[in-house]
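The values are calculated or read from the model by the stated rules, or taken from the named source; none is laboratory data. In this text the structure is predicted, and so the values were computed from the model without any measurement. Positions of Cβ are backbone-derived with ideal geometry, glycine not excepted, and every protein chain shown enters the neighbour counts. For accessibility, only protein heavy atoms count, side chains too; no ligands or nucleic acids. Shrake-Rupley method; radii C 1.70, N 1.55, O 1.52, S 1.80 Å.
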Amino acid sequence: MPEDAATPAAVPLVVGVTSHRNIPAHEVEGIRRRVREFFAQLQHDFPTLPLVVLSALAEGGDQLVAEEALAAGAQLIAPLPLPRELYVQDFQHPATRASFDALCARAQVIDLPLLPDSTHLNIGSHGPERDRQYGQAGVFIARHCHLLLAICHGKRSDRLGGTAQVARYLL
């Protein structure tokens, strides 16, 4: 038996991300630093485990965490809540769209299926069907991670698929 065959594959440590999109500009560098420290601590505590990050790559914290994860050598998996051509409509700035495209190029992208009764037409504009797709992405991330990194302001919200709901779902 070859030596490599006797060595069991390491199970990855999977970190899911949920975050607000609208992080105040004056908080971005502090959050980025804490995320970088978080990944460094995980690598210190679990040096033999490959690191995998699940992020839907929404603007704000999702993209910030994905960038730091890649810089730390993690594998990036991106479950997208909507078909890509519809999802990019939610990016407010061209730079955010460019960042999304660059991150997708470095990620394993998972196109989540449309939910029952959802169509390209009814998720093409903002409304409950589109929000349900976001909720599905949040549930997917929460169900497939060992740790959930939630970047939020701590205010209660019942927004379908929002950061608070994803964190509550996991808990």
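Tabulated values for the structure
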item	result
Scan of segment 16-49 for residues that are touching a Gly at 6+ places or on another chain (Cβ under 9 Å) and in a loop (DSSP other than H, G, I, E, B), ordered by number	HIS20, ARG21, ASN22, ILE23
Subset of segment 90-113 (residues that are in contact (Cβ under 8 Å) with a residue 12 or more places away in the chain and open to solvent by 60 Å² or more (accessible area, probe 1.4 Å))	GLN92, HIS93, ARG106, GLN108, ASP111
Single match in GLU67, GLU129 (criterion: modelled with pLDDT of 90 or more and acidic (Asp, Glu))	GLU67
Residue identified as open to solvent by less than 90 Å² (accessible area, probe 1.4 Å), closer than 20 Å to GLY73 by Cα, at pLDDT below 95 and of a type outside the set (Phe, Trp, Tyr) among ILE23, ILE31	ILE31
Candidate set from segment 46-85 (those that are open to solvent by 70 Å² or more (accessible area, probe 1.4 Å) and over 30 Å from ASN122 (Cα atoms)); member that is nearest to the chain's Cα centre (by Cα)	GLN75
Residue under evaluation GLN43, criteria (1) open to solvent by 70 Å² or more (accessible area, probe 1.4 Å); (2) at pLDDT 95 or above; (3) over 18 Å from LEU147 (Cβ atoms); (4) not acidic (Asp, Glu), criterion not met	(3)
Residue in segment 125-140 that is most open to solvent (accessible area, probe 1.4 Å), counting only those that are in contact (Cβ under 8 Å) with a residue 40 or more places away in the chain and among the polar types (S, T, N, Q)	GLN136
Residues located in segment 1-16, provided they are closer than 24 Å to ASP101 by Cα and either open to solvent by 100 Å² or more (accessible area, probe 1.4 Å) or modelled with pLDDT under 95 (or both)	none
Test result for GLY60, over 24 Å from ARG143 (Cα atoms) and either modelled with pLDDT of 95 or more or out of contact with any Cys (no Cβ under 8 Å at 6 or more places or on another chain) (or both)	no
